[in-house]
1. Could you work out the Rg to Rh ratio of the range 44-85, with Rh taken as the Kirkwood radius (inverse of the mean 1/r over all Cα pairs)?
2. Starting from the residue with the highest accessible area, list PHE83, PHE17 in decreasing order, probe 1.4 Å.
Amino acid sequence: MTAGGDKQVTAMPTGVFTRSVGMRLAIVGTARLQAHELDRGLELGHRSVNILARVQSTRAKDYVREFNTALALWRGQPAVREFVLRTRKELGVTT
């Protein structure tokens, strides 16, 4: 996925399509992780959690769960552990 894909996600107004924007951020973040772009992936992941913490959606949580699975390579890093803990606390997502 290109940086243009990131821009398309952020162009959507979050107040109107909250769940969709949050899920798309998780999907694009997962793609970044799969491309070994941890920092960009985590940035998108945090933005996703910021949005999805305001909605109740099993489907959205599934995308965050997939994101967390994609973090497996970096499980030992403090920023990754903090992110996984955050998803557990704020969304109830377990991996």
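1. 0.98
2. From most exposed to least exposed: PHE17, PHE83.
The values are calculated or read from the model by the stated rules, or taken from the named source; none is laboratory data. Everything numeric in this text was worked out from a predicted model, so none of it was measured. Quick note on the areas: whole protein, heavy atoms, side chains included, nothing else; ligands and nucleic acids left out. Shrake-Rupley method; radii C 1.70, N 1.55, O 1.52, S 1.80 Å.
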